[in-house]
1. At negative phi, of a type in the set (Gly, Ala, Ser), assigned to a helix (DSSP H, G or I) and within 14 Å of ligand 1 (Cβ to nearest atom) - does that describe any residue in region 81-88?
2. Keeping to region 90-148, report how many residues are polar (S, T, N, Q) and surrounded by 21 or more Cβ atoms within 10 Å (Cβ to Cβ).
3. Quick test of your reading of the structure: Gly350 fulfils all but one of (1) under 27 Å from Gln263 (Cα atoms); (2) at pLDDT below 90. Name the failing condition by number.
4. Among the residues of region 17-33, write down those that are over 17 Å from the mean Cα position of the chain (by Cα) and at pLDDT 85 or above.
5. I'd like the full set of residues that are touching a helix residue (DSSP H, G or I) at 6+ places or on another chain (Cβ under 7 Å) and of a type in the set (Lys, Arg), limited to region 316-332.
6. Any idea which of Leu75, Leu58 is in contact with a Lys or Arg (Cβ under 6 Å, 6 or more places away or on another chain) and at pLDDT 95 or above?
7. Right, Ala175: surrounded by fewer than 20 Cβ atoms within 10 Å (Cβ to Cβ) and assigned by TED's automatic domain parsing to the domain that holds Gly103 or not?
8. Of all the residues that make up region 206-233, how many are farther than 18 Å from Thr85 by Cα, out of contact with any strand residue (DSSP E or B) (no Cβ under 7 Å at 6 or more places or on another chain) and in a helix (DSSP H, G or I)?
Amino acid sequence: MSKGYASEVREGDSGDFESSRVLDARGEADEQQVEAALRPKRLADFPGQTRVRDQLDLVLQAAKGRGAAPDHILLSGPPGLGKTTLAMIVAAELERPIRVTSGPAIQHAGDLAAVLSSLDEGEVLFLDEIHRMARAAEEMLYLAMEDFRVDVIVGKGAGATAIPLELPPFTVVGATTRSGLLPAPLRDRFGFTGHLDFYAPEDLALILARSAGLLKVDADAAAIEVIAGRSRGTPRIANRLLRRVRDWAQVHGSGRVDVAATQAALELFDVDELGLDRLDRAVLDALCRRYAGGPVGIATLAVAVGEESDTVETVAEPYLVRQGFIIRTPRGRAASPLAWSHLGLTAPAGTGIPPAQQTLPLDDSGPGRFA
Ligand SMILES: Nc1ncnc2c1ncn2[C@@H]1O[C@H](COP(=O)(O)OP(=O)(O)OP(=O)(O)O)[C@@H](O)[C@H]1O
Ligand SMILES: [Mg+2]
């Protein structure tokens with residue numbers, strides 16, 4: 001009974017914010033195919049992230065020139081910014097095959113041993129969500145990364161023996177949205193770490209123009225500019241919004257992605273001029289009206305808007321923080337003056353947060369993490 005009630009409530013709640021999924025930077029399973037089709041295949045076709053791209057280019061070219069496997073590569077950053085895309089590009093640039101697996105798929109050291117022992121020389125091993133790997137496997141991985149060796153345990157109990165197995169040189173490309181959760185010894189085995197940051201609207205416009213071409217969508221430059229400005233600095237969201245505007249243009253418009261179709265589609269999906277949607281506005285509203293501007297914990301905020309903590313933390317919060325609507329403080333989330341004004345409210349006197357407390361990073365998952 002109580003279970004049925006809970007699931008009813010959940011269904012109703014997520015329904016409230018269903019349209020917000022258009023701005024969710026996390027990938028949906030049914031998007032994988034279209035996403036794969038839109039991925040740039042080489043570094044030269046990868047717009048934005050110039051720093052990481054140039055650094056990666058150097059590392060890969062140098063390794064190729066030496067005819068050796070490059071250092072292990074860690075790619076970190078929020079969802080939808082191109083970590084998987086870059087991992088594929090690394091293999092393509094090295095002209096090597098790529099083996100793909102992910103942290104959640106490696107629940108035992110044996111799972112990893114099976115993958116490692118079947119790698120060919122120079123192969124790229126892509127470990128997505130590497131922070132979600134089992135502890136025992138992490139240890140095996142960092143030894144393998146350093147010495148190209150694994151100890152395979154044969155037998156059980158007192159009779160168990162470790163047989164060292166030499167591995168050919170290979171390159172691990174790890175991807176993580178939470179580099180703070182990686183144990184230091186593992187993090188240290190990566191010779192190169194690329195941190196991806198949100199994209200500038202100009203870069204998103206380049207990505208959108210390219211995607212429009214691949215999707216055979218006729219899109220105006222002005223429309224692309226509007227979409228780029230509301231995509232939260234995230235290519236995955238930009239590409240998704242483009243597809244929704246294309247749908248609108250096809251059903252209600254001329255088939256062409258122009259500014260009118262863009263505005264109508266964005267309105268239909270509740271995306272405002274600043275790239276905020278209903279969930280974002282609900283979070284700000286709860287923070288200001290219900291909790292007088294905070295600080296308040298993320299779990300409390302999530303309950304107030306009827307969403308999962310994780311959704312509020314990974315979907316809504318990063319952008320709200322980045323745009324300066326929310327301030328992360330050691331005591332919880334607080335509303336900035338911008339949040340009050342965006343809701344058309346006046347901030348009560350004395351709710352300002354001292355600037356010294358405004359600097360907690362988003363990817364702060366260490367022991368000092370706050371709720
Ligand atoms: N620089 C870019 N240029 C063009 N398209 C991009 C770029 N970065 C990402 N994309 C597109 O955005 C989508 C998401 O990218 P990708 O899957 O690489 O993100 P991710 O960082 O791996 O996300 P997650 O953390 O969810 O795994 C893909 O369709 C990809 O084509
Ligand atoms: Mg990915």
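The values are calculated or read from the model by the stated rules, or taken from the named source; none is laboratory data. Everything numeric in this text was worked out from a predicted model, so none of it was measured. When we count neighbours, we look across all protein chains shown, and the Cβ atoms used for this are built from the backbone with ideal geometry, even at glycine.
1. Yes: region 81-88 contains one or more residues that are at negative phi, of a type in the set (Gly, Ala, Ser), assigned to a helix (DSSP H, G or I) and within 14 Å of ligand 1 (Cβ to nearest atom).
2. Total meeting the criteria: 0.
3. The one condition Gly350 does not meet is (1).
4. Gln33
5. Answer for region 316-332, where residues must be touching a helix residue (DSSP H, G or I) at 6+ places or on another chain (Cβ under 7 Å) and of a type in the set (Lys, Arg): just Arg328.
6. Leu75
7. So Ala175 fails the test.
8. Going through region 206-233 one residue at a time, the tally reaches 9.
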